[in-house]
Amino acid sequence: MARTKIYVPRETAAVSVGADDIAIAIARRAKELGEEIELIRNGSWGASWLEPLIEVLVDDERIAYGNVAASDVDDLFAAGFLAGAKHQQRLGPTAKIPYLVNQDRWTFWRCGLVAPLSMDDFLAHQGFDAFRNAVEMGAPAVIDVVKSSGLRGRGGAGFPAGIKWQTVADAAGEQKYIACNADEGDSGTFSDRILMEGDPLGLIEGMMIAGYAVGASRGYIYLRSEYPLTHSILSRAIELARESGWLGKNIQGTGFDFDIELHLGAGSYVCGEETAMLESLEGKRGIVRYKPPLPAIEGLFGKPTVVNNVVTLASVPNIINLGAEKYASFGVNRSTGTLAFQLAGNIKRGGLVEKGFGITLRELIEDWGGGTASGRPVKAVQVGGPLGAYLPAEQLDTPLDYEAFIEIGAMVGHGGIVVFDDTADMAQQARFAMEFCAIESCGKCTPCRIGSTRGVEVIDRMVAGDAREDNYDLLVELCDTMEDASLCAMGGMTPYPVRSALKYFAEDFSSAVGADE
Amino acid sequence: MKQQAFDQQIASEIIASFDARAEMLVQILHAFMNRFAWISEDAIRQLAKELNLSRADVHGVVSYYHDFRTTPPGRHIVKVCEAEACQAMGSRELSQHAQRSLGVDMYSGNADVSLEPVYCLGNCACSPAIMVNGKTYGRVNAERFDAIVASLEGSE
């Protein structure tokens with residue numbers, strides 16, 4: 001009899017709430033009972049609120065059990081979960097979980113589905129088809145397809161990927177590089193991680209296509225050190241690709257050489273900024289560079305470099321396979337395609353939701369997220385990481401669209417959505433934005449380095465009720481200076497959360513005892 | 001690999017394994033951290049010499065990044081995520097609890113434990129999160145925090 005396939009994710013969120021213990025318990029119990037099983041450590045489907053979510057394959061259908069604990073395992077066997085039997089943790093077929101069904105899985109379609117470190121499984125799920133197609137099309141056609149898809153940088157800046165690729169392709173020079181930004185430092189974001197843990201070979205394929213398109217023979221992945229499990233999975237995936245001839249010289253007889261080096265960051269937030277990342281990749285302090293020159297002209301080691309985020313690169317294979325038109329059919333206006341939104345913080349059903357642009361915050365937070373975890377009303381939502389604005393509940397109907405967000409003084413960024421309930425103190429959150437900037441500033445420019453420290457002090461004085469009007473004006477002026485005169489987004493956008501807190505939650509700055517009347 | 005006191009021979013082997021390329025300095029420092037737990041003045045001196053950099057260059061890199069410590073850490077390293085998603089789920093209270101429970105302040109420690117904040121473990125849908133000796137834990141409340149810490153001490 002064939003062995004029953006059981007899937008237990010090896011993904012940071014699932015493991016952080018006990019997936020490894022469950023895998024061990026399942027293996028042990030199956031042995032005791034003499035059951036023949038095959039334990040597969042897949043990636044996560046992204047429904048983090050259901051983790052650990054385990055599955056069993058019954059008649060070619062995967063049956064899910066959610067929020068499982070290691071202590072449930074004996075009970076699951078007794079209930080007959082190997083046959084997909086009823087149990088209080090049973091969710092039914094994975095393919096029918098509403099949270100997952102209603103998504104537009106373009107980039108993340110293999111996450112959860114495949115065994116991330118099985119080359120056979122990858123190849124069985126269209127692995128490297130897009131690379132082969134790209135080579136057949138030729139480099140200029142690949143760049144054209146990426147351009148007409150409208151794909152924009154998913155790291156936060158939203159710059160059109162195709163134009164960046166074209167610039168690097170046109171730049172003079174023998175040596176060019178692909179630098180994948182996997183320094184996913186924004187709080188509330190984890191889509192890069194879910195992709196790298198669930199479909200690392202998909203990212204490698206995206207980098208290969210980028211390398212082929214622009215004429216780069218070397219790729220770098222700059223991965224944050226806070227992701228040790230990702231590091232282990234990605235390292236192994238790169239080895240696997242090398243061992244099977246998908247990285248290295250003359251890949252699969254195409255004449256194209258490409259290899260990838262994996263670098264670890266070292267806990268610096270600002271290294272997610274592209275030029276600071278390049279400095280760090282060169283072994284230096286992660287200090288922001290002046291632009292121009294753009295990295296596309298003078299990037300890593302002074303050579304033309306494509307710097308793209310993980311999700312940007314991993315979106316490319318399907319754009320090649322299914323066509324630019326199909327990709328551009330998702331989304332609205334100049335925000336075409338899909339984004340992996342990440343529901344985080346005080347939310348009942350947190351996780352990853354890949355949808356076309358144009359969906360509203362309310363749909364994501366209420367329909368997918370189910371409201372706050374605490375059951376209290378939503379007070380504020382921070383979109384786009386620590387440099388993103390705090391939006392009040394009244395603005396939840398804003399569609400997620402790069403331009404629509406800019407219009408309301410906010411940004412979509414990397415798609416992280418952090419929900420706060422009505423117990424949040426927004427003056428404290430504004431103070432944290434300044435404090436975080438002071439901790440993480442690279443120190444090169446004064447508005448960011450000094451402005452952030454002064455910002456903390458001014459907010460403290462306001463909250464203490466000390467000359468509130470004057471300090472309010474001072475804080476606004478400080479925000480202007482930081483926004484106008486900082487070198488990069490760190491200092492330049494720290495004012496976003498501060499200003500929005502001031503604008504929408506002014507009362508929080510005056511609640512302290514002894515406030516001036 | 002067991003962590004051990006700084007050893008020039010081993011340090012040289014690590015540097016050589018990166019072909020003594022100066023651009024690998026951040027990666028070499030990670031390897032030193034894994035092996036020696038912290039970056040000593042002797043380590044900085046040797047890195048400067050073997051990578052053909054100035055001591056100031058190396059010191060600048062070591063001091064720039066949060067990951068590289070210049071004093072020996074405790075036996076266990078506990079990091080509490082204090083970024084926004086975790087704040088929304090009570091990480092400020094959890095940090096207070098951690099300090100009380102471990103008897104040390106943030107950014108400090110003793111021979112047993114070092115306690116520090118971390119700005120995002122990327123486990124934001126299972127907040128609040130902590131990392132203990134390189135392993136991430138999600139949905140951590142005070143009770144679970146104490147249980148995780150207790151299991152560490154028990155395993156020693």
*Only one residue in A:Phe432, A:Phe405 is away from chain B (no Cβ under 13 Å) and either modelled with pLDDT of 95 or more or part of a helix (DSSP H, G or I) (or both), so which one is that?*
A:Phe405
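Could you pull out the residue among B:Asn110, B:Asn133 that is away from every other protein chain (no Cβ under 14 Å), farther than 19 Å from A:Asp421 by Cα and either over 14 Å from the mean Cα position of the chain (by Cα) or surrounded by fewer than 19 Cβ atoms within 10 Å (Cβ to Cβ) (or both)? Quick ask: steps written out before the conclusion?
On the way: B:Asn133 fails: away from every other protein chain (no Cβ under 14 Å).
That would be B:Asn110, the only listed residue that is away from every other protein chain (no Cβ under 14 Å), farther than 19 Å from A:Asp421 by Cα and either over 14 Å from the mean Cα position of the chain (by Cα) or surrounded by fewer than 19 Cβ atoms within 10 Å (Cβ to Cβ) (or both).
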*Quick one: which of B:Lys2, B:Lys49 is at pLDDT below 95, out of contact with any Lys or Arg (no Cβ under 7 Å at 6 or more places or on another chain) and more than 22 Å from A:Ser268 (Cα to Cα)?*
B:Lys2
*Is the range A:297-311 home to any residue that is part of a helix (DSSP H, G or I), within 18 Å of the chain's Cα centre (by Cα), in contact (Cβ under 8 Å) with a residue 24 or more places away in the chain and more than 14 Å from chain B (Cβ to nearest Cβ)?*
no
*Does the range A:495-507 hold any residues that are under 31 Å from the mean Cα position of the chain (by Cα) and in a helix (DSSP H, G or I), and which are they?*
A:Pro495, A:Tyr496, A:Pro497, A:Val498, A:Arg499, A:Ser500, A:Ala501, A:Leu502, A:Lys503, A:Tyr504
*Say whether the condition of being farther than 30 Å from A:Phe301 by Cα, facing chain A (nearest Cβ under 7 Å) and surrounded by 16 or more Cβ atoms within 10 Å (Cβ to Cβ) is met by at least one residue in the range B:64-84.*
yes
*Taking A:Gly283 and the conditions (1) without any contact (Cβ under 8 Å) to a residue 12 or more places away in the chain; (2) of a type outside the set (D, E, K, R); (3) not in a loop (DSSP other than H, G, I, E, B), which numbered condition does it fall short on, given that it satisfies the others?*
(3)
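Residues checked against (1) outside any loop (DSSP other than H, G, I, E, B); (2) among the small types (Gly, Ala, Ser); (3) more than 22 Å from A:Ala266 (Cβ to Cβ); (4) not assigned by TED's automatic domain parsing to the domain that holds B:Arg35:
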| position | (1), (2), (3), (4) |
| --- | --- |
| B:Ala56 | yes, yes, no, no |
| B:His59 | yes, no, no, no |
| B:Thr71 | no, no, no, yes |
| B:Val80 | yes, no, no, yes |
| B:Arg92 | yes, no, yes, yes |
| B:Ser95 | yes, yes, yes, yes |
| B:Arg100 | yes, no, yes, yes |
| B:Asp105 | no, no, yes, yes |
| B:Ala111 | no, yes, yes, yes |
_Subset of the range B:1-43 that is in contact with a Ser or Thr (Cβ under 7 Å, 6 or more places away or on another chain) and not in a helix (DSSP H, G or I) - its residue that is surrounded by the most Cβ atoms within 10 Å (Cβ to Cβ)_ = B:Ile39
*Could you please find all residues in the range A:285-297 being closer than 20 Å to A:Val270 by Cβ and out of contact with any Cys (no Cβ under 7 Å at 6 or more places or on another chain)?*
A:Arg285, A:Arg289, A:Tyr290, A:Lys291, A:Pro292, A:Pro293, A:Leu294, A:Pro295
*Grab the helices (runs of 4 or more DSSP H) fully contained in the range A:1-100, keeping just those with 1 or more residues being away from chain B (no Cβ under 14 Å) and over 26 Å from A:Gly371 (Cα atoms).*
A:19-33, A:73-79
*Which numbered condition trips up A:Lys355, out of (1) closer than 27 Å to A:Phe159 by Cβ; (2) part of a loop (DSSP other than H, G, I, E, B); (3) of a type in the set (Lys, Arg)?*
(2)
*Do we find a residue being in contact (Cβ under 8 Å) with a residue 24 or more places away in the chain, within 11 Å of chain B (Cβ to nearest Cβ), of a type in the set (Ser, Thr, Tyr) and not in a helix (DSSP H, G or I) anywhere in the range A:365-384?*
yes
*in contact (Cβ under 8 Å) with a residue 24 or more places away in the chain, in contact with a helix residue (DSSP H, G or I) (Cβ under 9 Å, 6 or more places away or on another chain), surrounded by 24 or more Cβ atoms within 10 Å (Cβ to Cβ) and among the charged types (D, E, K, R) - does that describe any residue in the range A:255-266?*
no
*Go over the candidates A:Ser225, A:Ser217 one by one and state the one that is surrounded by fewer than 24 Cβ atoms within 10 Å (Cβ to Cβ), within 21 Å of B:Met131 (Cα to Cα) and polar (S, T, N, Q).*
A:Ser225
*Out of curiosity, is B:Ile10 hydrophobic (A, V, I, L, M, F, W, C) and closer than 28 Å to B:Val104 by Cβ?*
no
*Checklist (1) within 14 Å of another protein chain (Cβ to nearest Cβ); (2) among the hydrophobic types (A, V, I, L, M, F, W, C); (3) surrounded by fewer than 16 Cβ atoms within 10 Å (Cβ to Cβ) applied to A:Cys437, failing item*: (3)
_Count of the range A:463-494 residues which are assigned to a helix (DSSP H, G or I), of a type outside the set (A, V, I, L, M) and over 18 Å from A:Gly156 (Cα atoms)_ = 11
*asked:* Here's a check for you: in the range A:320-364, which residue that is polar (S, T, N, Q) and within 11 Å of chain B (Cβ to nearest Cβ) is farthest from A:His414 (Cα to Cα)?
replied: A:Asn346
*Do we have A:Gly413 as assigned by TED's automatic domain parsing to the domain that holds A:Val353 and outside any strand (DSSP E or B) here?*
yes
_Condition (residue is of a type in the set (A, V, I, L, M, F, W, C), under 29 Å from B:Cys126 (Cα atoms), touching a helix residue (DSSP H, G or I) at 6+ places or on another chain (Cβ under 6 Å) and at pLDDT 95 or above) applied to the range A:92-104: is it met by at least one residue?_
no
*Of these, A:Arg242, A:Arg289, which one is more than 14 Å from chain B (Cβ to nearest Cβ), surrounded by fewer than 21 Cβ atoms within 10 Å (Cβ to Cβ), of a type in the set (Lys, Arg) and part of a loop (DSSP other than H, G, I, E, B)?*
A:Arg289
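The values are calculated or read from the model by the stated rules, or taken from the named source; none is laboratory data. Please read these numbers as outputs of a predicted model, since none were measured by experiment. Using ideal geometry, Cβ is built from the backbone for each residue, glycine included, and neighbour counts are taken over all protein chains shown.
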